1. Quick one: Cα convex hull volume of region 222-268, Å³ per residue?
2. How much net charge surrounds Met165 when only the other residues with a Cβ under 10 Å from the Cβ of Met165 are counted, with Lys and Arg +1 and Asp and Glu -1?
3. Within 14 Å, Cβ to Cβ, of Ile37, how many net charges do the neighbouring residues add up to if Lys/Arg are +1 and Asp/Glu are -1?
4. Gap in Å between the Cα centre of region 80-129 and the Cα centre of region 46-66?
5. Compute the semi-axes of the equivalent ellipsoid of region 140-268, taking the square root of 5 times each eigenvalue of the Cα gyration tensor, and list them largest first in whole Å.
6. Take the alpha-carbon positions of the chain, form their convex hull, and give its projected area averaged over all directions (one quarter of the hull surface) in nm².
7. First measure r as the distance between the Cβ atoms of Ser9 and Asp31, then evaluate 1/(1 + (r/R0)^6) with R0 = 22 Å and state the FRET efficiency to the nearest 0.05.
8. When only Cα pairs under 8 Å and 6 or more residues apart are kept, what is the percent relative contact order across the chain?
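Bear in mind these aren't lab numbers, they're just calculated from the coordinates by the rules spelled out. Computed from a prediction, not measured in an experiment: that's the story for all the values here. Cβ atoms come from the backbone with ideal geometry, glycine included; neighbour counts cover every protein chain shown.
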Amino acid sequence: MSMRSVIKSTTITQILKKKGVEKITMLTAYDALMARIFDGEVDIILVGDSLQMSFFGEQDTLGSTLDSMIYHTKAVCNGAKRSLIICDMPFGSTITPQLALDSAIRVYRETKAQAIKLEVGFEGLKSIEILVQNGIAVMAHIGLKPQFVRSEGGYKVQGKTQESMESLIALAQKIEQNGAFSILLEGVKAEVAEQIARSVKIPVIGIGAGAEVDGQVLVWSDAFGFFEEFKPKFVRQYLKGAELLRQGVRQYVQEVKNGDFPNQHESY
Ligand code: KIV
């Protein structure tokens, strides 16, 4: 047996047990290189459909396809062996319970992802139920749903009125009843997010949802300063990645041009 095959990956049960005990950490990754760096450092790696923006350079996530998500999830699974890996279901791949099941079965068959994530409202509860009944672990994404950016005319903070807050709490509770193992809560006021996290026993992982939830997720290129066009309010930059990389690129160019690279130790 090789060393690689005995490495134990984080399980869903371990994630569930963290609620109320320690915060859950999650980052996105889209390739093996990044996944290898994040592996074992964060609890969960999400192959998010944000790759359509971060990796592919588009304005929203809607162009990602099941094929592209599977391709990137395979790459992440090649790089990461310890963190739990979740594949995001792209726009249009879960519009009926049967389609959601067919799409998720492809993800499970063709990749080693341990769970899938899907953006849902009340209409998606049946899909969650069917997925879970068929052995697929589900993270439900609620609140601000980026796949609705075109129909809603932008990214809008959710749960601002009493009615919409109550509706989000009711949705979270139904999601738990239908068997999802966790909730990703995006773009919700901190007080509302806290109430949602308290109203369910499954972990609620937030992005732009304040600190009183069970964990946090960030898109890696935002967190490490590779996306420079703008910085959303909820992002903290842990590195000036683009600046550092640019410095390296400029030094390389300069050293090639002035004949410094390669030297005799770097030549055969
Ligand atoms: O696609 C994604 O990366 C997401 C973020 C909100 C984490 O869903």
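1. Numbers: hull volume 3.8 nm³, N = 47.
Looking at region 222-268, the number lands at 82 Å³ per residue.
2. Details: positive: Lys160, Lys189; negative: Glu163, Glu166, Glu191.
Net charge in that neighbourhood comes out at -1.
3. Details: positive: Arg36, Lys81, Arg82; negative: Asp31, Asp39, Glu41.
Residues near Ile37 contribute 0 overall.
4. Rounded to whole Å, the Cα centres lie 16 Å apart.
5. On the way: eigenvalues 392, 50, 28 Å².
In descending order, the three semi-axes are 44, 16, 12 Å.
6. Values: hull surface 68.5 nm².
That works out to 17.1 nm², a quarter of the Cα hull's surface.
7. Numbers: r = 18 Å, r/R0 = 0.83.
Working from the Cβ atoms, E equals 0.75.
8. Details: 496 pairs, mean separation 40.8, N = 268.
Taking the mean separation of contacting Cα pairs over the length of the chain, I get 15 percent.
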